[in-house]
Every structure is written in structure tokens, then in C-alpha cells.
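Notes for the one structure printed next.
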Amino acid sequence: MDEQFNADVLIEALPYLRRFNGKIIVIKYGGAAMINEGVRQSVIQDLILMQQVGMKPVLVHGGGPEIDRMLKKLNKEAVFVEGLRYTDDETMEIVQMVLAGKVNKDLVELFSRAGGKAIGICGSDGGLFIGKRLRKNGQDLGLVGDIQTVNTEMIRTLLDNGIIPVVASIALRGDEEGGFYNVNADTAAGSLAIALKAEKLILLTDVPGVMEDKTDLGTLIREMDVQMAKTLMKKGVIKAGMIPKVEGCLQALAQGVSAAHIVDGRSPHSLLVELFTDTGMGTMIR
């Protein structure tokens, strides 16, 4: 019975393996899904497997819980405006230190331990992300940036050499003052997926997907089109931290990415289930 089940799983995966061979898949990883060591290892294993079967994965990460932990140690309050972290000068230094200096390198170390090849970079490396100051509905967010330009040269070089890029969501400031912007990782992943002409954008997060009632898993929406997503945002079903996730997906879809997915990264190997099975696991937006 187990042997038949394993064979059926492989047969089900076969058309997806063919379809995605040689394709770039941008995966955003963040939230509480990054905290559990076992889950992190399963995500890394999934990415290595994807590469081994011919896909070209790119990992973009945030690190909200780690940033919050450091802010708490420094007795500094975390402030959010419409799901985005308000970032003053001091907070920007903490974001840079935690994302580029700790979380990024911790993930690269996991790849190395699992037998994969990865290199960690952030938006300043090779001029990857150049940003401008972002205002959300006219509200000031401090040093929060929106990505203006993406230079994919370094990413493509890494992919062509069998190396998985691990990208921290920080951008260079495009103004004369210089310095950095804190960029929402969902937004960064969407911008990178567009620039790379990726086949898919997958957001691994700490919720099962888009639900009509966030307390009822039975209301999980497995698949939706762009119009339905916009309607759910207007109705307030999609709100708070889910807003930048869905907006990033819609932007990517409008500019050539075939499909975007919001998947529960806390579930072991959810990435493989979403990619290689007919039923999937989270919410797919076409």
C-alpha cells in the first residue's frame, strides 16, 4: 500500500516536473514560519530538491519576529501602519543588522548543512534593489521603501552557476542622501519575480492562505482570479498583513508572472505539495 502511494505521488508530480524544468520560481519566506528550526530545515530541503530536479529557485526573506525580538531587547516599540513596519533611523539600523547580518546568514548556513549551495545578498549587493520612499494612503512610514529598479545580473549569474540566491529585503535609497530602505519582503519578492520573468511567485507565510473567516480553515479559498482578490480587499476580508501579500501577487500577475501562491510555510514540505500536487495547499491567484 505504501509503495503504491509513493508511486502515485511521483506519477502525479511528473507533469509539474516537466512544466517547471528550467523555470525561475521566486519564493518569499517570512513571519512565524521562520521560527521553528524543523520547519526551516524542511523549507531548505524543498528548495534544494527543486534545484536538483531542474528548477531555479530564488529565496527572498523577511524576518519580522527576529526584528521584533531585537527591538524588545532594546526597549523600542514596534509600530505598524496598514500592515507595514514604521521605520525610523534607529529601527533601520536594527533591520539592516538583523536581516542582512543574522537571518540571511543563518539561512545560508542551513543550505550548507543540507548539502546545498547558496549565497546571501541584500538589495545593496550589485545594486539589486533601488528604492524610493513609500507612503501608504498618504501616511508617512519613515524609511520604508518601494522598489523602483531591479538589477537581476547578479541573481542570474548565481542561478546559472547552480547557486541558490538568498535575498534580504533591504533596498538602496535612490536619492542623494544615500543609505537604505526597509522593504516589505512580499513586495520585494514580487518585484524580483517580475524582473526575472519568473514562472511563479510563492509566498510562504504563517497562515494557511486567504480565508473568508480567518478562524475557520474550512473557508480557505484554494484558487481565485485577480478580480476576486480585489473584491475581497475592498470588502475587508483581506486586511492587515495580508494586504501587502496580495498586492505583491497582483502586481506580479499584472506584469507577466503566470501564477502567485500564498502558502502556509509552517507545514512541513508545503512548498512541494503546492508545486507538485493537483490539490495544492494554500491559495493560488491567477
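What to note about this one:
- Anisotropy class of segment 164-286 from Cα gyration tensor, a/c 1.5 cut: prolate
- Within segment 163-200, the GluC sites (Glu not before Pro) that combine a DSSP coil assignment with at most 12 other C-beta atoms in a 10 angstrom radius are Glu176, Glu177.
- Cut-off 10 Å between beta-carbons: net charge of the residues surrounding Lys136, Lys and Arg +1, Asp and Glu -1: -2
- Kirkwood Rh in Å, taken over segment 1-156 so that all alpha-carbon pairs contribute: 18.0
- Extent along principal axes [Cα atoms of segment 88-221; Å; largest to smallest]: 49, 45, 29
- D (Stokes-Einstein, µm²/s), Kirkwood Cα radius, the chain, 1.567 mPa s at 4 °C: 68
- Going from the fewest other Cβ atoms within 10 Å to the most, the residues Cys122, Cys249 appear in the order Cys122, Cys249.
- Among Gly127, Gly31, Gly236: highest mean-square fluctuation, GNM of the chain, C-alpha pairs under 10 Å: Gly236
- Pairs from Lys102/Lys214; Lys28/Lys235; Lys132/Lys239 whose Cα-Cα separation, in the structure shown, is over 29 Å: Lys102/Lys214
- The spacing between segment 254-273 and segment 188-244, judged by their C-alpha centroids, is 10 Å.
- Helical contribution to [θ] at 222 nm, DSSP H n ≥ 4, -39,500 (n - 2.57), averaged over the chain, rounded to 500: -12000 deg cm²/dmol
- Treating each Cα of segment 5-95 as an identical point scatterer and summing with the Debye formula, the log10 of I(q)/I(0) at q = 0.14, 0.17, 0.23, 0.25 Å⁻¹ comes to -0.69, -0.85, -1.16, -1.25.
- Burial ordering of Val26, Val53, Val207, fewest other beta-carbon atoms within 10 Å first: Val53, Val207, Val26
- Spacing of the two label points (7 Å from each Cα toward its C-beta) at Met97 and His269, in nm: 4.0
- Ranked for footprinting exposure by Cβ neighbours inside 10 Å, fewest first, Met34, Met97, Met55 give Met97, Met55, Met34.
- Beta bridges per DSSP, both residues in segment 23-274: antiparallel share near 30 percent.
- Remark: the Ala240-Val53 segment gains 63.7 nm on full extension, using 0.36 nm per residue and subtracting the alpha carbon distance.
- Charge dipole of the chain about the Cα centre (unit charges at C-beta), most positive-ward option of Val263, Val98, Cys249: Cys249
- Note on Lys214 and Thr231: the extension gain reaches 4.4 nm, defined as 0.36 nm multiplied by sequence separation minus the Cα-Cα distance.
- Straight-distance crosslink candidates among lysines, where the alpha carbon sits under 25 Å from Lys23 and sequence neighbours closer than 8 are dropped: Lys56, Lys117, Lys197, Lys200, Lys245
- Stretched out straight at 0.36 nm per residue, the stretch from Glu223 to Glu12 would grow longer than its current Cα-Cα span by 74.0 nm.
Every number here is computed from the coordinates shown, using simple stated rules; none is lab data. Just so you know, these numbers come straight off a predicted model, no measurement behind them. Quick reminder, even Gly has a Cβ in these numbers, built from the backbone with ideal geometry, and neighbours come from all protein chains shown.
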